[in-house]
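What follows is a single structure, written as structure tokens, with notes after it.
The values are calculated or read from the model by the stated rules, or taken from the named source; none is laboratory data. Just so you know, these numbers come straight off a predicted model, no measurement behind them. Don't worry about glycine lacking a Cβ; one is built from the backbone with ideal geometry, like all the others, and counts go over all protein chains shown.
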Amino acid sequence: MKSLIAILTDYGLRDGFVGALKGVTLSINPEVQIVDLSHQVRPFDILEGALILKAHYSYFPKGTVFLCVVDPGVGSERMPVAIRSGNYFFVGPNNGIFDLALRSMGKQIECYRIERFTLPRVNETFHGRDVFAPVAAHISKGLPINEVGNPVSYTYILDWKEPKEDGDVLWGEVVYIDHFGNCVTNLPCGRYIEAYFRDMTIRVVPYFLKAEKGEPAMVCGSFGFMEVFLPMDNLHEKFKVLKGERVGVKKV
């Protein structure tokens, strides 16, 4: 089976940055298969990138290298790292983008500061191309991860807010808005009687089409968290929903 690199960035597709990452990668390992996880993470939004990675990494084959570059601190003192945990590898900045995936895995974390196998000339504004892509490519080619640099302790950085209990109600907030305008919360999927959004009590349904047209409802979404949505419509646009809005669920 071919080795696989999955790339997650906030680069967009306009400026050629994604193509440069792939060019470097393929120059080092022409046999590697590359999958675009997403390049539409909101610029500099580490939490959004972390959520996307956490939601989807486990659907990739064992041995996949995740090259993740949402890096507002590029060129600063934040640490470039290569990580092995469970059956996967992760390469990118230690700025919180790996936190949710690694927590969900619950596996031992081997973390190494990247000190070798970068390009000879490193531009301090494009570590994705010059630091992370070449290291990911070498790992995909079979380089032992401990050869990229010295071992370090992995540091959890992301400011992730856990839901809070108030009697039989669990309160959380909107943390991500997807392409369809569905509002993903930090409330874990589970069995709930009803939900609370703004001044409304809304239904908890097993799937999208079970909700009434024009009425917000809540469902366990593909990110592994509860989502508030508007059937066949865009809740974010119609209700002007913002990240951080409070949402609650009543437990069974």
Identify, from the list Gly181, Gly214, the residue that is in a loop (DSSP other than H, G, I, E, B), under 26 Å from the mean Cα position of the chain (by Cα) and on the phi > 0 side of the Ramachandran plot. Gly181
Listed residues Phe239, Phe208; which is surrounded by fewer than 21 Cβ atoms within 10 Å (Cβ to Cβ) and over 25 Å from the mean Cα position of the chain (by Cα)? Phe239
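On the given criteria, is Glu115 among the charged types (D, E, K, R), modelled with pLDDT of 95 or more, in a loop (DSSP other than H, G, I, E, B) and within 24 Å of Ala20 (Cβ to Cβ)?
yes
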If you check Leu209 against the conditions, is it of a type in the set (A, V, I, L, M), outside the structural domain of Gly49 (by TED's automatic domain parsing) and modelled with pLDDT under 95? yes
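Select from the stretch 78-87 the residues that are of a type in the set (Lys, Arg) and assigned to a strand (DSSP E or B) and list them in ascending order.
Within the stretch 78-87, the first condition is being of a type in the set (Lys, Arg), and the residues that meet it are 78, 84.
Within the stretch 78-87, just Arg84 meets the criteria.
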Here, strands (runs of 3 or more DSSP E) confined to the stretch 4-77 with at least 2 residues that are touching a residue at least 60 places away in the same chain (Cβ under 8 Å) and either surrounded by 13 or more Cβ atoms within 10 Å (Cβ to Cβ) or assigned by TED's automatic domain parsing to the domain that holds Phe132 (or both) are 4-9, 65-69
